[in-house]
Amino acid sequence: MKKFKVTLTPVTQYVIGQSVPCEKKVEFNYGLYPTKKFVPISSIKGLLRTAAVYSQGENSCEFVTSRICRGDEDLVRTCSDIQDMFENLSPASQQCRESLKEYRDKFSSPCIVCRVFGNGKVRGKMRILGDNVEIKNLREVGNLRFSYNFLESRHPKYEGLKVEASNAKVEFEVLCSDHECEKLLREAIKVINNGLVRLGRFKSRGFGIVKASLTEVTSR
Ligand SMILES: [Zn+2]
């Protein structure tokens, strides 16, 4: 078992938020108390998992399904979803079903991303420790423009959206139960550092570019 500390240092600000349509605003994520804003552990796990998927390409179920099951991504995403589809437990389009046949065996024992991060049927080898990461000193960024209706359908164009963004470092610890987990974690970190995967929302607006560093804390 090894424990690592991961630090995400923002290059551009990031937004992890919930929409407030009447105020034309995206507030930074909070739970029960709006005064306490935080980055949920689930967002961190999502970032690492997405980066891991990119690092594995065709060897990852999610990479393959996102390429060939467009429109079915809600049903078929992970190795466990693919298994369910072939056991007729979940519906999927004919095209998705046909195209996935050649991958059926490959993903019948879960892919490396599912082995490490888990899926509906498999418990993962990685654990992200700690609580949601509290964020202070948020900045408001105003006047974001969109060419589509971002929050409401009534306005033809969305002008002047405000977002709460942060440039605070995010630190958390990760527990890896074996070498495969560590290997995938290191590869995911590389993908984040290459800028391929970003944190939070409005990535196409330049938000959420981070640098990630990894240090080993203890091993036993
Ligand atoms: Zn998988």
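The values are calculated or read from the model by the stated rules, or taken from the named source; none is laboratory data. All values derive from a computational prediction rather than experimental measurement. With ideal geometry, Cβ positions are generated from the backbone for all residues, glycine too; neighbour counts draw on all protein chains shown. Please note that ligands, DNA and RNA were not included when accessible areas were found on the heavy atoms of the full protein model with its side chains. Shrake-Rupley method; radii C 1.70, N 1.55, O 1.52, S 1.80 Å.
Details
- Criterion (open to solvent by 50 Å² or more (accessible area, probe 1.4 Å), more than 16 Å from the chain's Cα centre (by Cα) and at pLDDT 95 or above) met by exactly one of K211, K183, K162, K157: K183
- When residues of region 49-76 are limited to those that are touching a helix residue (DSSP H, G or I) at 6+ places or on another chain (Cβ under 6 Å) and among the hydroxyl-bearing types (S, T, Y), the one nearest to E98 (Cα to Cα): S60
- Candidate set: region 91-137, residues that are at pLDDT 90 or above, under 26 Å from K169 (Cα atoms) and of a type in the set (D, E, K, R); chosen: the one nearest to the ligand (Cβ to nearest atom): K125
- Flag if V170 is at pLDDT 85 or above, of a type in the set (A, V, I, L, M, F, W, C) and under 24 Å from G57 (Cα atoms): no
- Among residues of region 47-64, those that are open to solvent by less than 30 Å² (accessible area, probe 1.4 Å) and either more than 14 Å from the ligand (Cβ to nearest atom) or within 22 Å of F207 (Cβ to Cβ) (or both), counted: 5
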